Amino acid sequence: MIKFLLMVNKQGQTRLSKYYEKVDIGKRPALEADVVKGCLSRKKEQCSFVEYKDFKLVYRQYAALFIVVGISDTENELSIYELVHNFVEVLDKYFGHVSELDIMFNLDKVHIILDEMIQNGHIVETNRNRILAPLLALDKMAEAH
Amino acid sequence: MALKIVKGSIDRMFDKNLQDLVRGIRNHKEDEAKYISTCIDEIKQELKQDNIAVKANAVCKLTYLQMLGYDVSWAAFNIVEVMSSSKFTYKRIGYLAASQCFHESTDVIMLTTNQIRKDLSSPNQYDTGVALTGLSCFVTPDLARDLANDIMTLMSHTKPYIRKKAVLIMYKVFLKYPESLRPAFPRLKEKLEDPDPGVQSAAVNVICELARRNPKNYLSLAPLFFKLMTSSTNNWVLIKIIKLFGALTPLEPRLGKKLIEPLTNLIHSTSAMSLLYECVNTVIAVLISLSSGMPNHSASIQVSLRSIQHYLGLLAMSKILKTHPKSVQSHKDLILQCLDDKDESIRLRALDLLYGMVSKKNLMEIVKKLMLHVDKAEGTTYRDELLTKIIDICSQSNYQYITNFEWYISILVELTRLEGTRHGHLIASQMLDVAIRVKAIRAFAVAQMATLLDNAHLLTGNTQRNGICEVLYAAAWICGEFSEHLEDPLSTLEAMLRPKVATLPGHIQAVYVQNAAKLFATVLRGQEGAPADRTVAQETSQLLIDRLPLFVQSANLEVQERASCILQLVKYIQKLQQKDVEVAEEVTALFAGELNPVAPKAQKKVPVPEGLDLDAWINEPPSESESEDEGRKPKGKAVFAKEESKHTKPRYTEVDEKELAKRREVRKAEQANNPFYIKASPSSQKVYQDGVGVEHIPVVQIDLSVPLKVPGMPMSDQYVKLEEERRQKDKADKKKKDKKKRREKGEKGRRRKGDSGPESEEDITPAHMVDITTEEMPENALPSDDDEKDPNDPHKKSSKHKKKKQKKEKEEKEKKKKKKHHHHHHHSDGAGDESVQNGNVEEEEPLPVSNQSSSIYSMCDIQGNLQDGSQVVVSVIFENKCDSFIKAMEFNVLDSLNSKLQRPEGAGPHDGLTVPFQLPPGISNEARFVFSVQSIVMPQKLKGTLTFIVKTDDSSTHEKLDFKLHFTCTSYLITTPCYSDAYAKLLESGDLKGSSLKLEGVSQPFHHLLARICFHHHFSVVERIGSCASMYSRSIQGHHVCLLVKTADQTVSIDAKCDEPGLLGNVLDEIKLTFSQC
């Protein structure tokens, strides 16, 4: 299962974090820093899967933004790798050329999208239209006001 | 009141929202902490207001700050307030904040139970959705207990959006409140068949997760999952299902067998790497659990592995390697490429893999590449790793894969050129081992070692303690011990006594001195015959007398002792020489006797001399213990044990011996009756007993066109070439022999692929035999049955043994398969829907013969011969369906201009071929016939007859069966994988002519369709994107056939290209036929 998902930029600043397995709030920054350091230090041609402590990290880089997913040993690395891309594609579709700023300024919306895709550490939806449906409904409601 | 609202919204306009906060933080890079603390103060103010909009905005900002690592637990109550807002926009902010900040120990969660319950039952699906999502993050055992029922009801909600979320959250509920599992399970199971794929996928996820914890309980769901696997198109779901099967197969092997086929289809048809990887992993797991070689499936693994690269691929390969080494072997190029990878972990993994994948055939090539890497490698650790791997690879299982030991010696010599390696002793021990055990190689080894000794300064040139000088230890010993092979012992002797030797480590010097003496003996013996050269002998003695004092002064005791001993000896000899006494014989006698390797288990075999009882006391046990015995008995544990052993042991062994003898008898009788037990051949038994047998082993001499004495360092590369040539020759010889055999007996039902594949392992005859059978055994050692099991056993014997067994197994399997297949055909005969079952062609019609009771039934499989573009091999299975004996079968085909049955030389063009077996009732057997074909562009039908004699108890009758052999164009195609870039190049080249085909009303899923084409028409998928795939195949004469298959609502269009339009047209027709039949 998925343990957590992070979006971090090259400077190591967290842009989004979501934990599906309990991690003490106090310990999160340290974990994030460590994980990010592990991924940032790897070269482009190196493999996108890293063994970290007792679980694995799958990461993907989009411009200056890294998306790092922590998964348990039993998860299929490649499927998570593809899920990350799917997530980015959804963001891209919603924001139109999504950038780091979009994510920062619309953190709540990104969370909605993420919640539609992953729940409980499991993939719940991968269809782009279905993922975006609740969010679009929400936007409509906001416009009506 | 109204005023208050207006005031509130005006306030809001001046409030910061999330965007402002983010912007602000960016603008205050220098004093970020200070800025944030002011923001938090503002937020605290905002939270105090009544306006829910302001509160929600504040909570939203808090969520962001929380992410940055600030503690916001103080706002927990406000978050609950926002959660309970009736407006969805605010509610979701509350839930988001809760899901980020709350955890089990947050006490305000208790307050939320009713609110959540209300939201769960809200008419607005998004309210429910957001509550479910939030709940999944902060559910506590209490919440789980209280809400389990509500969530369970939601599992059957009308909206799939709610259903899928409810199903997923149930997993969390099960974890927190396990009692809920039992009542909820039936409903969960029901959800596996939900019409909505999202809900299905959620249910699959949950059950997979549950099953991982306790797979046994979920075995009963296997059929359901099996159905899902074949129907689902969502790769993420498929991965989960396949993973689940991977966990289930170890519990239920039958499941594994069933899985192989659909998995293989998926492997062939999917374009998703992740799915492919999962399939491969599960196939491996299945194969391991079945633990039986399935040759046809390992082929599918190969296809899949080709596309997965690097880390995961290597990971998967190492798993396969354990059970199916052959299938990995063909990827050695890829693995060798990985040695160039920048990632060291990949390089090391690749090295590990190489170790397992060498064979007689590719050893030289692999080692050659590794040698290149050794030269290139930077950093001594990796180079040392390479060096040890090379030696490991070569020496594994008793040098099983080395066919030419001269080559190996040269490799070892080349390795000595490495600077600064730590593994000198490893190389040295290999040299010694090979030189001692492979008699045939000694002359060559000695020559090489002499060169090494001569150039010793190159190795020791580096003054720093250099591990490589260990090699000189081996070199000196080999030259001394086998000095009779030396061309010029005198110069070697001179080289060994150079003053520079004194700088070597002591133990090496000691060997030098000792072996100098051996060489001296050889020189003397060499001179004896020619009295004219007596002076030479005397000069040699003088040389020793001159040089040895240097060693006598050595600080090393061993060197000193040996040197002075030998010095005195030589002085004595010199005196005798001066008196013209023949001394050579005496001196040689000093070192006479051959040194033979001792078998590792020789000690075990030493029989216990008569009258020796190892259990008996040598001295009587001290009597004092006995006197105390009585008193201690009840307490002393140690005394108990002693006492017991004293009394029972002798009796015990006696019984044991009798019992053993009895068991041995029984086992022997059993073995004699067991047709599958391969008895040790008498000859090998003898070798064992005598312990000499070298003379019996034919040592193949290589005829080298290049003189072996290469000055300076040898090059191992030349051996690779020589080996190639030798194998070619061997193969040619073998072919000749084979042909002869074939002519005599026709062809036997051997392995089907034996002919079409590249030369198989057995075909390679080693240039030198490893002399392992002559390892010394004690004189009266008894051969016993459990020798077979011993891993140290002479490998030649055991491998022979194994091979036979394997072959037998394979044959059996083949037969079984055919029978099944056969069966199939039989049933579908009338309907005709499966008549292309085999992917090949239709075969002879089973014509019932006049006599009702006797009928022979046959089935065939036509396959192109990869090695020979004009040969097609037809395997025919004959089954005797009557209850009489069938014999003297003769197979004959009316040749056409294009296709001819290959007949033995001297036979007329109309003579039949005798089938080399007889068939008892109900038995089937396979025979293979070779046809030569000129043009493969057109399909062919050949008419033929089979004549045979049916023998009943009282009479025998001649029978005849007519049949038709249908050579389709498909049977000339050979599944050849193709990389997409090579494929693109092929298409670009413009040499190919196009053609196309449209199929209407094909309802099967696309991947089935592709799998069908792959299977029946020998294509392989190059690339698949969506509902479009490119495929490739090659004919036995090297025509490329490319297909582009597209599908859109039940219509399949195939665009094809081939450099032979005729062939293409016919292949397309055949594809069309395949699909019209299903």
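Things to note:
- Cα-centred dipole magnitude for region B:25-122, charges only on beta-carbon of K, R (+1) and D, E (-1), debye, nearest 20: 400 debye
- Rough spin-label spacing in nm, given labels placed 7 Å along Cα→Cβ, for B:Asp150 and B:His910: 9.4 nm
- Net charge contributed by nearby residues that have their C-beta within less than 13 Å of B:Leu426 (K/R +1, D/E -1): -3
- Modelled spin-label separation between B:Asp142 and B:Lys579, with each label point placed 7 Å from Cα along the Cα-to-Cβ direction: 11.4 nm.
- Buried solvent-accessible surface, both chains (A, B), 1.4 Å probe, Å² to nearest 100: 4800 Å²
- Semi-axes of the equivalent ellipsoid of region B:557-596 are 21, 18, 4 Å, computed as sqrt(5λ) over the eigenvalues of the C-alpha gyration tensor in descending order.
- Whether region B:104-258 is rounded, prolate or oblate, judged on the alpha carbon gyration tensor where a/c under 1.5 counts as rounded: prolate
- Normalised Debye scattering of region B:169-284 at q = 0.09, 0.16, 0.21 Å⁻¹ gives log10 I(q)/I(0) of -0.23, -0.72, -1.19, counting only Cα atoms as equal scatterers and leaving out solvent.
- What the Cα convex hull of region B:475-598 gives, in volume per residue, is 105 Å³.
- Taking 0.36 nm per residue of separation and subtracting the current Cα-Cα distance, fully stretching the chain between B:Gln1077 and B:Lys44 would add 364.3 nm.
- Percent carbon-and-sulfur accessible area, region B:509-591, ignoring ligands, DNA and RNA, probe 1.4 Å: 53 percent
- When each of B:Lys518/B:Lys571; B:Lys61/B:Lys164; A:Lys43/B:Lys240; A:Lys44/B:Lys389 is checked by Cα-Cα distance, pairs over 20 Å: B:Lys61/B:Lys164; A:Lys43/B:Lys240; A:Lys44/B:Lys389
- Listed residues B:Gln45, B:Val72, B:Thr133: farthest to the positive end of the dipole of region B:30-140 (Cβ charges): B:Thr133
- What the phi angles of region B:936-952 give under the Karplus curve with 6.51, -1.76 and 1.60, with θ = phi - 60°, is a coupling list of 10, 6, 10, x, 9, 10, 10, 9, x, 9, 10, 10, 7, 10, 9, 10, 9 Hz, glycine and proline written as x.
- Heavy-atom accessible area order for B:Leu490, B:Leu997, largest first, 1.4 Å probe: B:Leu490, B:Leu997
- Put simply, the amide H of A:Lys3, placed in the peptide plane, has neighbours under 5 Å in A:Gly70, A:Ile71, A:Ser72, leaving out anything fewer than 5 places away on its chain.
- Point-to-point label distance, B:Asp613-B:Leu660, nm (Cα→Cβ direction, 7 Å offset): 1.7 nm
The values are calculated or read from the model by the stated rules, or taken from the named source; none is laboratory data. Values in this document were obtained by computation on a predicted structure and should not be read as measured data. Every residue, glycine among them, receives a Cβ derived from its backbone with ideal geometry; neighbour counts consider all protein chains shown. Just so you know, the surface numbers come from the protein's heavy atoms only, side chains and all, with ligands and any DNA or RNA stripped out. Shrake-Rupley method; radii C 1.70, N 1.55, O 1.52, S 1.80 Å.
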